[in-house]
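Single-structure report; data block below.
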Amino acid sequence: MESDDKAIAYLKRTAAELRQTRQRLSEIEASRVEPIAVVGIGVRLPGGVASAEDLWTALANGADLVGDFPADRGWDVDGLYDPDPDAPGKSYTRRGGFLTGAAEFDAGFFGISPREALAMDPQQRLLLETSWEALEHAGIDPTRLRGEAVGVYTGLITHDYATLGGANEAVEGLRAAGSAGSVAAGRVSYVLGVEGPAVTVDTACSSSLVAIHLAVQALRSGECRMALAGGATVMATPEAFVEFSRQRGLSADGRCRAFAEGADGTGWAEGAGVVVLERLSDAQRTGRRILGVIRGTAVNQDGASNGLTAPNGPAQQKVITQALTNAGLSAGDVDLVEAHGTGTTLGDPIEAQALIAAYGQNRETPLYLGSLKSNIGHAQAAAGVAGVIKMILSMRHGVMPRTLHVDAPSSRIDWSAGAVELLTEAREWPSSGRPRRAGVSSFGVSGTNAHVIVEEGPPIEPPAVSAVDGVVPLVVSARSAAALQEQASRLAEVDAGVGDVAGALLARPLWEHRAVVLAGDGDELRDGLHALAEGRSAPGVTTGVADAAGKTVFVFPGQGAQWAGMARGLWAADPVFAARMAECERALAPVVDWSLADVVHGVDGAPTIDRVDVVQPVSFAVMVSLAAVWQACGVRPDAVVGHSQGELAAACVAGALSLDDAARIVALRSKVIAAELAGRGGMMSVAEPVDRVAERLTGRVEIAAVNGPASVVVAGDLDALESLRVACESDGVRARLIPVDYASHTWHVDAIEEQLAELSGVGAPTVPWLSTVDVEWVTGPVESGYWFRNLRQQVRFADAVGQLADQGFGVFVEVSSHPVLTSSVEDVVGPGKVVCGTLRRDQDESRRLLQSLAELFVRGVPVDWSRYVPEGGHVELPAYAFQRERYWLAAAPGTGDLAGLGLRSAGHPLLGAVVEVPESGWCGADRPGGGGCASVAG
């Protein structure tokens, strides 16, 4: 029986393990073909195309982006051209698709020195910029990827920049890394700090599509969780034009006439493109905006075909079939193919026949065919990724762009052999009950073929304008003041809701140069951004440099910050503040005979804050509640310090007093002051050093507090204070009576010692608390009698603040309804420290709180803005405003560059250069007619 039980248990266990194994195998199989989401795009193409939006505008307008040879690369543009294809060293075309500003780069942004930037291949620079922009486009903060398993797959095929400059000492030791293909991917990984595979691919013109294929495989296998894939080409020299002129492979006017009767060769172009890829399940789980989906990919080789560089139709047909199988789709599931389509009379017919065979059979609707190369030329290592980007944009807009320069479909292609149609006009792309799908082809000259199946992503709803109740902070930052201004200028053109823009900005990295623009509507936002862009000051615009160093101190003042109506607006607007005020009301209720809420809201019959036994508890509650708001915004104290009565709030925030104990002490103490001291004295501030003030005192007045180098508070009998005030003013010293009717921190307080002596708490601070009574750290429960000494002894505020500054505290936040101590703190700590208040008398409290947060933030104090920014849809913000400078090696002198070779012209059409020869006995002596040495013919 026992053996039967064991057998049954074994069988159950085995069955369970088998189910788990089957499930695991199923998961592995599914992961091998999991769709891959495209979540971000970075692109640079001819004609000034610098974003996906720019590219779509060009496609929608049917733009021809081919132009003249660039004049900023040291090319002999005039001397290079010769219409004769056999002219050595010449090009019979003088046009192509060139990038604007290919020599320019923001080296400082990426932490690269000018020397290293000069040595860097511009293709590496473009890959850095487009990778960064692609991540921004995806709503991903690139700085938060450090240490993550993010792969970088880059196509790169040309290295001619390394041939420039000759023996240039300025870049010695830097050229190897600057020009190595492997470094192209590795440098992106290094700058981002990512630790997935970094692979540079060279399969000629299929490089970037092969890079995407490898990235898809790595994501499906789990090698990385995210990947950047793409490629770049910049022609630093005209060698590609010279080489293909000899082969007669170029179009005479630089334009690709893909699949056209008038096709006469390819047109060279440049470009860079990067897409951000994630597994579809991961992208959906994290709420990414999915631009498109890669369903399947395939790569193969021509093998032993009819020539190393000749295209192979059967191999192209096979790679398409493999990609469809990888995607789990049939040929009829694909609507459009972005073809390799180089415009050559050999390659285009072979490709078209392969497409007709693979896609054009047994279809109900034709497969449409197009090529981006007709707009820009052949962007070489960037061609494949550019085609993928074009297809994603086409699907998102529901339009198939037309192919340019087609006089008629090529007669070299048997179009009747299948249902394939060339897009000579733009067409609407209907959804037809299933996702739109397209294929993208790239074929390398060495025989490596790639095909990718791209599918429309889930519908992207335009972001509904987020409801904004009040003011929203918009956070802008950059690595230089100029970049900050340009960024603001770009942002001012964004057509989206204030809340949506604010939310999108929170996904951007934070840099040293910062601004916060407070706006309640679009007009206020634009006004603020325009002011920022122009370097003007404006209401609601705060700017600064994140240079704050040191820990944060919360400073709690005594009386003087109160004002009628304080806390009313914030109680209604801020849930954290309202909740903490409600807790204070519950704590005060047993020890006061009035309602905190009624006093704050000015309810009829409620007492006013003119009474000391009301104002002190109310001020305490406001300070404690404001501290809670600061902490909810991510600004937490590393220490607290309080001035006189403010020490009660400091002790409560530090944890040395519970809220109940603190409320009891402040209420009872203020009642005793009202009953025993009120109406019997006064206090006055004097703007003079303490030793000078002490010399003026003749009796019945004492120094109550020393707040700063020339900020002293005295207290005592009213008539004595008035005499002192008159004396000060006669000497030109400012003296101002403080609106209180008692003299704390003097002998007046001795009368209530017995009533205050037993007030104490039982907790030790959890946040460091520096006493302004003893100028020592409070490390345990406050002893009996401390709260009497707090009221009786001199407030040594300046000494305490000075000690904090000396101990490395650099940020001082006055937590009060109006700043009364910030000037004194600034005088004590001097320049270089950050000092700010919280609210201000008679100002809108919600806006003023945001302003105070902004003042800290722009100086480098971390602030969590999310509680003030409504959740909204994804908004496409402008890319970072790179501040580029020119980095381009001068071309090494060629054989025709006389000045570069140190020669001068002979000044004769049949002669080249004058060569100076040292005098010798034979020169000219044996020649008929004698004479000097002849010029050497060129």
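The values are calculated or read from the model by the stated rules, or taken from the named source; none is laboratory data. Everything numeric here is computed off the predicted structure, so don't read it as measured data. Here the Cβ is made from the backbone with ideal geometry for all residues, glycine too, and neighbour counts use every protein chain on show.
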Take the conditions touching a helix residue (DSSP H, G or I) at 6+ places or on another chain (Cβ under 6 Å), part of a helix (DSSP H, G or I), touching a residue at least 24 places away in the same chain (Cβ under 8 Å) and more than 15 Å from V686 (Cα to Cα) and apply them to L791. Does it pass?
yes
Considering segment 486-497 alone, what residues qualify as being modelled with pLDDT of 95 or more and surrounded by 21 or more Cβ atoms within 10 Å (Cβ to Cβ)?
Q487, A488, L491
Taking G147, is it assigned to a loop (DSSP other than H, G, I, E, B) and at pLDDT below 95?
no
What about G558, is it among the small types (G, A, S) and assigned by TED's automatic domain parsing to the domain that holds V653?
yes
Residue among G42, G79 that is over 30 Å from E456 (Cα atoms) and at pLDDT 80 or above
G79
Number of the condition not met by V216 [criteria: (1) of a type in the set (V, I, T); (2) buried (at least 22 other Cβ atoms within 10 Å of the Cβ); (3) under 30 Å from L404 (Cβ atoms)]
(3)
Residues in segment 753-763: is at least one part of a loop (DSSP other than H, G, I, E, B) and within 20 Å of T698 (Cα to Cα)?
no
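Results for (1) within 24 Å of V672 (Cα to Cα); (2) buried (at least 17 other Cβ atoms within 10 Å of the Cβ); (3) outside the structural domain of I673 (by TED's automatic domain parsing), shown as yes or no for each residue.
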residue: R580; (1), (2), (3): no, yes, no
residue: V591; (1), (2), (3): yes, no, no
residue: W594; (1), (2), (3): yes, yes, no
residue: A628; (1), (2), (3): no, yes, no
Selected residue (criterion: nearest to D844 (Cα to Cα)) from residues of segment 521-537 that are surrounded by fewer than 16 Cβ atoms within 10 Å (Cβ to Cβ) and over 22 Å from the mean Cα position of the chain (by Cα):
D521
Is there a residue being modelled with pLDDT under 95 and within 25 Å of the chain's Cα centre (by Cα) anywhere in segment 265-286?
yes
Being crowded, with 24+ Cβ neighbours inside 10 Å, part of a loop (DSSP other than H, G, I, E, B) and either modelled with pLDDT of 95 or more or out of contact with any Pro (no Cβ under 7 Å at 6 or more places or on another chain) (or both) narrows it down to one residue among A258, A252, A232; which is it?
A258
Can you name every residue in segment 66-98 that is of a type outside the set (K, R), closer than 14 Å to V234 by Cβ, under 34 Å from the mean Cα position of the chain (by Cα) and assigned to a loop (DSSP other than H, G, I, E, B)?
P70, D72, F98
On the given criteria, is R44 farther than 18 Å from S394 by Cβ, in contact with an Asp or Glu (Cβ under 8 Å, 6 or more places away or on another chain) and not in a helix (DSSP H, G or I)?
yes
Among the residues of segment 157-164, are any surrounded by 15 or more Cβ atoms within 10 Å (Cβ to Cβ) and touching a Phe, Trp or Tyr at 6+ places or on another chain (Cβ under 7 Å)?
no
Using the structure shown, decide if R664 is farther than 29 Å from S866 by Cα, in contact (Cβ under 8 Å) with a residue 60 or more places away in the chain and not polar (S, T, N, Q).
yes
Filter segment 719-742 down to the residues that are more than 18 Å from R700 (Cα to Cα) and in a loop (DSSP other than H, G, I, E, B) and list them by number.
D731, G732, V733, R734, P739
So in segment 163-197, with the set limited to residues that are under 23 Å from P238 (Cβ atoms) and assigned to a helix (DSSP H, G or I), which one is farthest from the chain's Cα centre (by Cα)?
T163
So V614 clears everything in (1) in a loop (DSSP other than H, G, I, E, B); (2) crowded, with 18+ Cβ neighbours inside 10 Å except one condition, right? Which one?
(1)
Of the numbered conditions (1) without any contact (Cβ under 8 Å) to a residue 24 or more places away in the chain; (2) crowded, with 17+ Cβ neighbours inside 10 Å, E243 satisfies every one except a single condition; which is it?
(2)
Identify the single condition in (1) under 28 Å from L668 (Cα atoms); (2) modelled with pLDDT of 95 or more; (3) over 33 Å from the mean Cα position of the chain (by Cα) that D799 does not satisfy, given that it satisfies every other one.
(1)
Say whether the condition of being surrounded by 13 or more Cβ atoms within 10 Å (Cβ to Cβ) and either assigned by TED's automatic domain parsing to the domain that holds D613 or more than 30 Å from V829 (Cβ to Cβ) (or both) is met by at least one residue in segment 699-715.
yes
Please enumerate the residues belonging to segment 104-117 that are surrounded by fewer than 21 Cβ atoms within 10 Å (Cβ to Cβ) and within 19 Å of T163 (Cβ to Cβ).
R115, E116
Within segment 67-92, the count of residues that are crowded, with 17+ Cβ neighbours inside 10 Å and charged (D, E, K, R) comes to 2
Being within 15 Å of V385 (Cβ to Cβ) and outside any helix (DSSP H, G or I) narrows T154, T130 down to just T154
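Per-residue answers, yes or no, for (1) free of Cβ contacts under 8 Å to residues at least 12 places away in the same chain; (2) closer than 26 Å to P819 by Cα:
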| position | (1), (2) |
| --- | --- |
| R680 | no, no |
| M684 | no, yes |
| D691 | yes, yes |
| E702 | no, yes |
| S711 | no, yes |
Residue check for P473: in contact (Cβ under 8 Å) with a residue 12 or more places away in the chain, of a type outside the set (G, A, S) and surrounded by fewer than 18 Cβ atoms within 10 Å (Cβ to Cβ):
no
Sort out which residues of segment 538-558 are touching a helix residue (DSSP H, G or I) at 6+ places or on another chain (Cβ under 7 Å) and outside any strand (DSSP E or B), and write them in order of number.
A538, G540, P557, G558
Condition check: within 20 Å of V666 (Cα to Cα), outside any helix (DSSP H, G or I) and out of contact with any Leu (no Cβ under 9 Å at 6 or more places or on another chain). Does D598 satisfy that?
no
